[in-house]
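These notes concern the structure reproduced below.
Read-outs: derived from the displayed coordinates by stated rules, not from any lab. Quantities reported herein were computed from a predicted structural model and do not represent experimental measurements. Please note: Cβ atoms are built from the backbone with ideal geometry, for glycine as well, and neighbour counts cover all protein chains shown.
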Amino acid sequence: MRSMLLKNSLVILAITTVVTGCATQNFDKKIESSDVDLLKEESLMRYNTNRLESMDVTESDLISKALLACHQKKYAKGTGILETEMHKNKTNPFYWNALGTCYSLSKEYTKALFYYDLGVEALPLIKDQSKILAEATLANNIGLVHLNFKRYNEAFDSFKRSSTLLPNFFTPQFNIAQLFIEFNENDKALEILKKLEVKNPDDIDLLYSLSLIYFRKNDLDKSYNAISRIKTDYLNRPDIVGLYAYNLMKKNRLTEAREIIEKRLYADEYNQRNKILLEEINLKIKEQVKVEKQ
């Protein structure tokens with residue numbers, strides 16, 4: 001993987017009109033239901049609504065309060081809660097991880113990495129089994145920062161370390177798969193994702209990733225099967241709707257494809273892609289009408 005990344009640091013995705021690379025997706029990917037969230041108990045970056053509501057009702061500890069505020073985009077409140085207790089928690093890597101996560105959520109990645117590194121420095125002070133969990137969590141989140149800076153080798157190394165420390169930790173495995181997808185290593189990504197699919201076959205991002213891989217492999221039946229398993233509410237999401245429309249178009253369901261594109265609002269980074277797709281769909285519809293009139 002390392003040599004592959006070094007050789008392909010400027011690789012452009014094979015289907016840039018379908019998906020933006022995992023390091024540049026900046027729209028809201030919050031998953032509302034825990035039933036379709038493989039990482040519901042692991043990822044501090046992907047709290048579902050059920051989990052946030054549960055924290056709001058049952059949790060009163062400092063870290064939970066801060067993370068709740070940061071996931072509600074109340075970043076100043078969240079970091080303020082943590083910073084008032086910094087002296088008491090300076091040897092607690094989970095504290096530094098929470099502070100780093102708040103800054104990562106607010107896209108202040110340099111600050112996030114600084115606090116994650118403080119968490120790593122505090123690891124030797126932990127003498128119980130929680131040290132492995134703390135180290136694995138920090139490694140994964142440091143990998144996400146590297147990913148946002150497009151430092152792909154460092155991101156891969158961090159995710160791999162996290163996964164090695166905790167082999168049953170799904171989050172870094174999923175992130176490694178996303179890196180493989182980023183560099184068109186589709187078979188390697190598929191090998192990981194098929195194992196994770198057994199754990200939660202309804203996870204939204206997993207199904208989208210599977211659909212994209214099969215689309216690239218020109219296995220359109222499997223691509224459509226995967227994306228059609230995504231719950232209807234999530235088919236509106238900017239990354240998902242484009243691939244869904246492509247699948248419909250390839251199945252010659254042109255009117256359906258046009259309708260879902262025309263009705264949706266997108267993040268700015270997807271506007272041009274979807275305009276191009278809409279033009280292609282409309283052209284195919286016109287061609288189809290001409291054939292029918294002959």
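Sequentially through region 68-83, phi angles give Karplus couplings (6.51, -1.76, 1.60; θ = phi - 60°) of 4, 4, 5, 6, 8, 6, 9, 5, 4, 5, x, 5, x, 4, 6, 5 Hz, Gly and Pro residues having no value and appearing as x.
The calculated FRET efficiency for the pair Glu262 and Lys231, based on their C-beta separation and a Förster distance of 22 Å, comes to about 0.55.
Report the local net charge at Ala189: Lys and Arg +1, Asp and Glu -1, summed over other residues whose C-beta lies under 15 Å from its C-beta. Walk me through the numbers on the way to the answer.
Values: positive: Lys160, Lys188, Lys194, Lys195, Arg216, Lys217, Lys222; negative: Glu182, Glu185, Asp187, Glu191, Glu197, Asp203, Asp205, Asp219.
Around Ala189, the charge tally is -1.
Backbone geometry of region 119-126 corresponds, through the Karplus equation with coefficients 6.51, -1.76 and 1.60 at θ = phi - 60°, to 3J(HN,Hα) couplings of x, 5, 5, 7, 4, x, 7, 8 Hz, x marking Gly and Pro. For Lys251, the lysines whose Cα comes closer than 17 Å to its Cα, not counting residues fewer than 8 places off in the same chain, are Lys217, Lys222, Lys284, Lys286. Couplings for region 211-225, taken from phi via the Karplus curve 6.51 cos²θ - 1.76 cosθ + 1.60 with θ = phi - 60°, read 4, 5, 4, 5, 4, 5, 7, 6, 9, 6, 5, 5, 4, 5, 4 Hz in order; Gly and Pro are left as x. Modelled spin labels at Thr255 and Lys217, positioned 7 Å past Cα toward Cβ, are 3.4 nm from each other.
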